[in-house]
Amino acid sequence: MAANQHPFESLTPARIVAAVEALGLWLPGEPFALNSYENRVFLISDDDRRRWVVKFYRPDRWSEAQVREEHAFLAELAAADVPVSAPWRNETGESLHQAYGFRFALFPHVPGQAPELENPAHLFALGELIGRLHAISRRHAFSAREIMEPACMAATSRERVLAGTWLSRRQRQAYERVSGALQEMLSASAWPGDANIRVHGDCHLGNILGRDEDFTLVDFDDCCMAPAVQDLWMMLTAQDDQELQMQLSELLEGYEQHCDFDRRQLEWIEPLRTLRLMRHSAWLVARWEDPAFPRAFPWVASEDYWDQHIRTLEQQRVVLGKPRWLA
């Protein structure tokens, strides 16, 4: 590999096919790249017309122990009949494989579409799905995966953005001010450690697939220890307060078919949203040396992007001072 070549650049279609076929499957066709930037993910079909998703993990992101803990969690959920896409295991029970310097795993392909968040029946079904997940996840804790700590994570994100040359002098002053204020507010709104359970961690619509009201959770790459509300708040998308309460009511009614939900966690939604906003921009900055990122997110290098990001953070500062969420 060339000195300036990103590791994923060496992951050619021929190597992808060879890695999977070394597991004992035969692939009559080419892999199809799916939209994934943190890792590299491909749709493949074997000679029995079974469809699979093969995920090559980004080097140096998660430790082997962290990936194995993700896989063990998925196996535990699948054994309890929670609809998740658990990794394929070979005859020795191994789910994490090695090829060309990459760790990779094979998952059954989950067909279907994302749920409709304006549909009450879908919201109820999503609440049930997350409730079933959390009923199992509360039984044990992760030992290797991350613990979601808003103030610490916000500080890391802030430092990463300020360490680069992305901001003009004017923007740097504004970003330093608002991100510093948000870091302090996140510290003040921190939740107790005993609120943390094992969660999916990234429950946006792209990671929930199915038909009608039968949904499956995929991509547990960001699973971590965090409060239960982390797996619910991204489904609350309405702007109108009345519709927002409808979404929340349906979600929680479904959720509580399987486990209780502490309404006090609703106060942590806006801190979690703020943290996600800060971490997203820091993630784009951190991954810029990966050629896939400038191609997919060219606007990150523009002044307009950072102006908008700073405005959004300013809005969150106001929201954090006036919580919107009610039990």
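All of the numbers you see were taken from the coordinates with simple rules; none came from a lab. Source: prediction; values computed, not measured. Heads up, the Cβs are rebuilt from the backbone with ideal geometry, glycines too, and the neighbour counts pull from every protein chain shown.
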Nearest 0.05, what FRET efficiency do Ala22 and Lys322 give at R0 = 41 Å with Cβ-Cβ as r?
0.15
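Given axes a ≥ b ≥ c from the Cα gyration tensor, I'd like to know whether the chain is rounded (a/c under 1.5), prolate (a/b larger than b/c) or oblate.
oblate
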What net charge is computed for the residues neighbouring Pro108, neighbours being all others with C-beta under 14 Å from the C-beta of Pro108, Lys and Arg scored +1, Asp and Glu -1?
+2
Output row, site Arg295, 7 Å Cα→C-beta label point, backbone N cut-off 20 Å, window the stretch 98-129, residues 102
Rounded to whole Å, give me the distance from the Cα center of the stretch 286-321 to that of the stretch 166-198.
15 Å
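How much of the DSSP bridge set in the chain is antiparallel, in percent, rounded to the nearest 5?
On the way: 24 of 26 bridges.
Once the DSSP bridges in the chain are tallied, antiparallel ones form about 90 percent.
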Short version: ³J(HN,Hα) in whole Hz for each residue of the stretch 270-283, in order, from phi by Karplus 6.51 cos²θ - 1.76 cosθ + 1.60 (θ = phi - 60°), x for Gly and Pro, what are they?
5, x, 5, 5, 4, 4, 5, 4, 5, 5, 5, 5, 5, 5
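For the stretch 48-119, which GluC sites (Glu not before Pro) pass both filters: DSSP loop (anything but H, G, I, E, B) and at most 10 other C-beta atoms within 10 Å? All intermediate terms of the calculation are to be shown ahead of the outcome.
Details: sites: Glu64, Glu69, Glu70, Glu76, Glu91, Glu94, Glu116, Glu118; in loops: Glu91, Glu94, Glu116, Glu118.
Those that pass, being in a loop and sparsely packed, are Glu91.
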Relative contact order %, the chain, counting alpha carbon pairs below 8 Å whose residues are six or more apart
19 percent
Enumerate by residue number the GluC sites (Glu not before Pro) in the stretch 125-171 meeting two conditions: DSSP loop (anything except H, G, I, E, B), and at most 15 other Cβ atoms within 10 Å of the site's Cβ.
Glu146
For the stretch 237-271 and the stretch 74-116, distance of Cα centres in Å:
29 Å
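Based on other C-beta atoms within 10 Å, arrange Leu182, Leu34, Leu284 from fewest to most. Could you put the intermediate results ahead of the total?
Working: Leu182 25, Leu34 14, Leu284 22.
The fewest-first ordering by Cβ neighbours comes to Leu34, Leu284, Leu182.
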Hey, fewest Cβ within 10 Å first, where do Thr12, Thr274 land in order?
Thr12, Thr274
Percent relative contact order for the stretch 197-327, counting Cα pairs under 8 Å at least six residues apart, stands at 21 percent
Order these by the 10 Å Cβ neighbour count, fewest first: Val218, Val319.
Val319, Val218
Grab the beta carbon distance between Ala79 and Arg170, set R0 = 56 Å, and tell me the FRET efficiency rounded to 0.05.
0.50
Within 12 Å, Cβ to Cβ, of Val54, how many net charges do the neighbouring residues add up to if Lys/Arg are +1 and Asp/Glu are -1?
+3
